[in-house]
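Where a number appears in this text, it was derived from the coordinates with a stated rule and is not lab data. Note that the structure is predicted; figures quoted are calculated from it, not measured. Here the Cβ is made from the backbone with ideal geometry for all residues, glycine too, and neighbour counts use every protein chain on show.
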Amino acid sequence: MKILMQPIEMIAWFTKDGKPYPIKYQLTNEEKENIIIKVDKIITREEEKLAGNRMIIFRCQSIFNGMERIYELKYEINTCKWYLFKM
């Protein structure tokens, strides 16, 4: 997997406890086109602390261009920002 750490726009739902779950997101490719990707399956969910910054890492699975791909999303808790971390 290649590390990207690209900011993305996310639609997510949150439990009553405040735990986020990604639904679908939008990213911009090299041709400056917006692509919407639905998160088909969340494989793992784990929390990490990097330089005092708490983040939740989601390993997910979706279909891109007819191929099933595994990738990682990061949610930065303090700033409420989402990133496409690895693909």
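More than 22 angstrom separation, counting every C-alpha pair in the chain; what % is that?
The proportion of pairs with Cα distances above 22 Å equals 21 percent.
Take Lys16 and Lys49, extend 7 Å from each Cα along the Cα→Cβ direction, and tell me the distance between the two endpoints in nm.
2.8 nm
Remind me, relative contact order of region 1-44 in percent, using alpha carbon pairs under 8 angstrom and six or more residues apart?
27 percent
In region 15-39, which residues have a backbone nitrogen under 17 Å from the label point lying 7 Å from Met87's Cα in the Cα-to-Cβ direction?
23-39
Suppose the chain between Met1 and Phe64 were pulled fully straight at 0.36 nm per residue; how much longer would it get relative to their current alpha carbon spacing?
21.2 nm
What percent does the relative contact order of the chain come to when contacts are Cα pairs within less than 8 Å and at least six residues apart?
The value is 28 percent.
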